[in-house]
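Let me begin by presenting the structure, written as structure tokens, before commenting on it.
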Amino acid sequence: MKKTPMRMCVGCREMKPKRELIRVVRTAEKNVELDPGGKKPGRGAYLCNDPACLKRAKKAKSLERALNVSCDEEVYRRLEEEMLHDER
């Protein structure tokens, strides 16, 4: 029997199965982007597929701490758009 990999959402701080979360990755060029497949190289952090978790992570700056990079408003707006687009 295989063990399910668990990861913590940086927004709500809940442990959830890795497959239920979306990976946000910081690339070598210091760009922050969504990684729905979970395979892109770079430093990663996990978020629920919920814009409310993204807003919590933005308010607490937990996404920035997890990725060791400063995120401007454009990054959060783009991540929220991609999340809403993925829900469809």
ask   = Where is the GNM fluctuation largest for the chain (alpha-carbon springs, 10 angstrom cutoff): Glu14, Glu33, Glu74?
value = Glu74
Simple label model, 7 Å out from Cα along Cβ direction - Glu33 to Glu14, nm = 3.0 nm
query = Along the charge dipole of the chain, Cβ charges K/R +1 and D/E -1, which of Ala60, Cys9, Tyr76 sits furthest on the positive end?
reply = Cys9
note = Checked region 6-87 with the C-alpha gyration tensor, a ≥ b ≥ c its square-rooted eigenvalues, rounded below a/c of 1.5, otherwise prolate if a/b is larger than b/c and oblate if not; verdict rounded
inquiry  = Explain nothing, just compute: Karplus ³J(HN,Hα) = 6.51 cos²θ - 1.76 cosθ + 1.60, θ = phi - 60°, for every residue of region 10-15 in order, whole Hz, x for Gly and Pro.
reply    = 6, x, 9, 6, 9, 7
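None of the figures in this text is laboratory data; all of them are computed from the coordinates on show. This one's a predicted model, so the numbers in the text were calculated from it and none came from an experiment. Glycine also receives a Cβ, built like all others from the backbone with ideal geometry; neighbour counts cover every protein chain displayed.
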